[in-house]
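Asks: Questions regarding the structure given below will be posed in turn.
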Amino acid sequence: MRMELQIRGVSKTYSNGVRALDDVSLTIAPGMYGLLGPNGAGKSTLMRILATLQDPDEGTVRLGDIDVLSEKERTREVLGYLPQDFGLYPGVTAESLLTHFAVLEGISHRTDRKETVEALLRRTNLWDVRSEKLGTYSGGMKQRFGVAVALLGDPRLLIVDEPTAGLDPVERVRFLNLLSELGERSVVLLSTHIVEDVSELCSHMAVIDRGRILLEEEPFRAIEQIRGRIWRRVVTTGELGRLEREHKVISTRLLAGRKIAHVFADARPGPAFEPVQPDLKDVYFSVMADENGRSVDLPAESQP
């Protein structure tokens with residue numbers, strides 16, 4: 001059975017008045033799906049609702065024939081969840097803790113349990129360090145162990161919340177390679193504020209900010225829609241204010257000590273501008289500029 005995830009009209013307002021989700025509707029097919037947005041956009045609230053840890057004020061959520069909101073136990077039987085922050089026992093080895101979780105998952109037969117634990121540790125590239133204590137693991141190794149736990153029971157819905165935040169480049173690539181293998185039969189929902197994670201992994205995506213869905217599209221189609229409409233030029237700090245008043249500046253960044261501004265326009269804004277081959281960052285920042293009315297100031301880059 002096709003386990004499509006259908007989210008309809010989901011809203012959530014906290015007791016302090018913050019409206020974390022505002023009429024969110026998404027249809028998510030099996031495969032890798034990216035939910036992209038800044039910190040505080042409502043991503044984690046939506047993830048907790050899908051993971052049956054929180055209830056919305058309004059709306060419905062269905063996974064295949066399962067009503068996620070009213071059939072929580074049934075949902076948890078097909079759910080894997082890797083939250084942004086999760087605790088581990090630092091003095092316990094990976095093999096022993098994963099074996100413990102396998103028991104809790106209901107894998108009661110000792111041989112089946114041993115085979116499952118070994119297969120998951122190999123799949124997450126942790127078999128060779130299975131006897132080392134989790135407190136000695138790097139951040140990326142801990143994240144991969146979290147995936148191993150989430151994969152117990154062969155979930156049909158896997159939710160991964162901000163998985164690469166804080167990882168070094170090598171561990172990030174290793175972790176993304178692991179995630180890319182998981183979306184063949186399951187719905188894998190990747191929540192992140194890192195554009196590259198979505199660009200490299202996901203065939204479908206949505207942009208969320210202030211609890212509202214601003215864009216839902218296939219990444220390559222979203223890029224095609226702005227092709228020929230992104231321009232850049234070198235600017236001084238003094239020029240930037242005037243440029244922002246005259247044009248839709250979507251982002252600025254430092255490149256080799258120079259400030260580069262990206263502008264969204266249907267035609268060349270001026271002779272000093274050159275065309276840019278757009279990427280998903282330009283899509284994201286143009287959507288966010290539309291929403292917030294301001295450009296995004298990016299960290300310095302070594303490549304154009």
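Asks: Using the alpha carbons of the chain, what is the convex hull volume per residue in cubic angstrom, as a whole number? It would help to have the intermediate numbers written out before the result.
Replies: Values: hull volume 46.5 nm³, N = 304.
Cα-based convex hull of the chain, divided per residue, equals 153 Å³.
Asks: Another question, if that's okay. What percent do you get for the relative contact order of the chain when only Cα pairs under 8 Å and 6+ apart count?
Replies: Working: 573 pairs, mean separation 60.5, N = 304.
Here the relative contact order equals 20 percent.
Asks: When the dipole is taken about the Cα centre of the chain, and only Lys, Arg (+1) and Asp, Glu (-1) are charged at their Cβ, what size is it in debye, to the nearest 20?
Replies: It comes to approximately 500 debye.
Asks: Let me ask something additional. So how do Ser108, Ser251, Ser11 line up by other beta-carbon neighbours within 10 Å, fewest first? Mind dumping the intermediate values first?
Replies: Details: Ser108 9, Ser251 22, Ser11 15.
Lowest count first: Ser108, Ser11, Ser251.
Asks: Report the gain in length on full extension from Arg268 to Asp290: 0.36 nm times residue separation, minus Cα-Cα distance, nm rounded to one decimal.
Replies: Separation in residues times 0.36 nm, less the Cα-Cα distance, equals 6.0 nm.
Asks: Moving on. Let me check against my output: what whole-number percent is the relative contact order of region 87-153, with C-alpha pairs under 8 Å and at least 6 apart?
Replies: Once normalised by length, the contact order is 47 percent.
Asks: Further, regarding this structure: Rounded to the nearest 0.05, what FRET efficiency do Asp154 and Asn125 have when you use their Cβ-Cβ distance and R0 = 22 Å?
Replies: Here the calculated transfer efficiency is 0.70.
Asks: Right, here's the next one. Would you calculate, for the chain, the mean residue ellipticity at 222 nm contributed by helices, counting each DSSP H stretch of 4 or more residues as -39,500 (n - 2.57) and dividing by all residues, to the nearest 500?
Replies: Numbers: 10 runs with 100 residues, N = 304.
That comes out to -9500 deg cm²/dmol.
Asks: Specify the inter-centroid distance of region 175-243 and region 107-162, based on alpha-carbon positions, in whole Å.
Replies: When both Cα centres are located, 29 Å separates them.
Asks: Which far-off residues, 5 or more places away or on another chain, put their amide H under 5 Å from the one on Val68, with H placed in the peptide plane?
Replies: Sorted by chain and number, the residues that satisfy this are Val61, Arg62, Leu63.
Asks: Assuming R0 = 35 Å, can you tell me the calculated FRET efficiency for the pair Gln277 and Asp85, based on Cβ-Cβ distance, to the nearest 0.05?
Replies: 0.40
Asks: Also, I was wondering about something else. List the GluC sites (Glu not before Pro) within region 182-217 that DSSP assigns to loop and that have no more than 11 neighbouring Cβ atoms inside 10 Å.
Replies: Filter output for region 182-217: Glu184.
Asks: If you stretched the chain out fully between Arg110 and Ala165, how much longer would it get, using 0.36 nm times the residue separation minus the C-alpha to C-alpha distance? Could you put the intermediate results ahead of the total?
Replies: Values: separation 55, 0.36 × 55 = 19.80 nm, distance 3.60 nm.
Gain on stretching Arg110 to Ala165: 16.2 nm.
Asks: When the gyration tensor of region 66-172 is built from Cα positions, what are the square roots of 5 times its three eigenvalues, in whole Å, from largest to smallest?
Replies: So the three semi-axes of region 66-172 are 23, 19, 11 Å.
Asks: Right, another one. Within region 43-65, find all residues whose amide N lies under 16 Å from a label point positioned 7 Å from the Cα of Thr13 along Cα-to-beta-carbon.
Replies: Taking a point 7 Å out along Cα→Cβ of Thr13, the residues of region 43-65 whose backbone N falls under 16 Å are 56-59.
Asks: Please turn the phi angles of region 184-197 into ³J(HN,Hα) values with the Karplus equation 6.51 cos²θ - 1.76 cosθ + 1.60 (θ = phi - 60°), one per residue in order, whole Hz, x for glycine and proline.
Replies: 6, 10, 10, 7, 10, 9, 9, 9, 7, 9, 9, 4, 4, 4
Read the figures in this text as sums done on the coordinates, not as results from a lab. These numbers were taken from a predicted model, which means no experiment stands behind them. Note that each Cβ is placed from the backbone with ideal geometry, even for glycine, and that neighbours are counted across all protein chains shown.
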